[in-house]
1. What is the spin-label model distance, in nm, from residue 193 to residue 223 if the labels are put 7 Å beyond Cα along the C-beta direction?
2. Mind checking which lysines have their C-alpha under 17 Å from residue 141, skipping anything on the same chain fewer than 8 residues away?
3. Could you name the aspartates and glutamates in cross-link range of residue 140, using Cα to Cα under 19 Å and dropping any fewer than eight places away on the same chain?
4. Cut-off under 16 Å on the C-alpha distance; same-chain residues fewer than 8 positions from residue 12 excluded. Which lysines are left, in chain and number order?
5. At R0 = 41 Å, how high is the FRET efficiency between residue 55 and residue 18 if r is their beta carbon distance? Nearest 0.05 is fine.
6. Treating each Cα of the chain as an identical point scatterer and ignoring solvent, apply the Debye formula and state log10 I(q)/I(0) at q = 0.10, 0.11, 0.13 Å⁻¹.
7. Please list, in chain and number order, the residues 5+ apart from residue 110 or on another chain whose amide H is under 5 Å from its amide H, with Hs placed from the backbone.
8. Just list whichever of 56/108; 17/224; 44/80; 82/221; 56/78; 80/221 have alpha carbons separated by over 23 Å in the model shown.
Amino acid sequence: MPSSIIHRCVSKMVLEKMNLYENNLDIYMYEIGSIAPDCWRNSKRFKDSLLPKKEKRKYSHFSNDDEYIENYDRFFDKYKDKLNEPFIMGYFVHLITDFHWRTSMFYKCFSLDGSIILLDGSLLNGEKGVRKELLYKESKKMAFLLSKHFSLSQLRQLSMDEINSLPLMNEIEFDGLNDTINFSNIESITDNNHELIVYEVDKFINGVLECSDFIINELNKYLKEK
């Protein structure tokens with residue numbers, strides 16, 4: 001799934017292309033909404049839980065119980081009357097980003113047998129732990145490079161008053177949101193000095209732009225139904 005940095009890059013492109021908000025506070029709450037669905041990772045409810053990852057995230061991502069795929073149509077049905085709130089719009093953009101990234105970008109670096117396709121065309125099919133560690137390093141490096149390319153700024157922490165004023169959503173608790181913000185800030189400025197051998201920067205930049213265009217088309221379609 002896309003990193004918090006990819007979510008922020010995509011949401012920024014949607015914001016700019018659609019000219020959604022001009023007020024700084026609205027822009028900030030929209031940005032926070034665009035990473036909020038993943039704050040389940042830092043919530044007290046799930047932090048030490050032994051549940052599988054897909055079980056932990058299915059509520060905040062409105063996933064179907066049998067497929068665990070983001071169902072942003074379900075989100076729209078429930079929160080369409082609140083889409084005028086920047087936080088809710090950012091949340092909606094996050095879910096559409098996850099869906100599009102899963103279907104258009106996620107599997108491009110894998111062969112049919114699950115091997116990782118390296119930039120030189122060779123395949124890496126070693127132990128699962130080795131492959132997982134490599135993709136982790138690739139993702140961290142890509143996050144750093146994308147944050148520079150799209151000129152992401154550091155996000156400030158939410159005050160308690162701001163947290164308490166967030167829209168009521170029974171799918172997620174926001175006690176881990178500031179930790180999620182902090183994680184994204186660190187990810188945006190940390191260069192792990194890893195040399196990319198799987199991910200290609202230009203493809204990810206184009207992926208962000210293509211994803212933002214897909215989201216804009218979806219938003220225009222949904223907003224007509226609102």
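1. In this crude spin-label approximation the distance works out to 4.6 nm.
2. 132, 203
3. Reachable aspartates and glutamates: 38, 98, 179, 187, 191, 195, 200, 202.
4. List returned: 148.
5. Using R0 = 41 Å, I get an efficiency of 0.75.
6. -0.46, -0.55, -0.79
7. 117
8. In this structure, 56/108; 44/80 exceed 23 Å between Cα atoms.
Where a number appears in this text, it was derived from the coordinates with a stated rule and is not lab data. Because the structure is predicted, anything quoted here is derived from the model rather than measured. All Cβ positions, glycine included, derive from the backbone under ideal geometry; neighbour counts span all protein chains shown.
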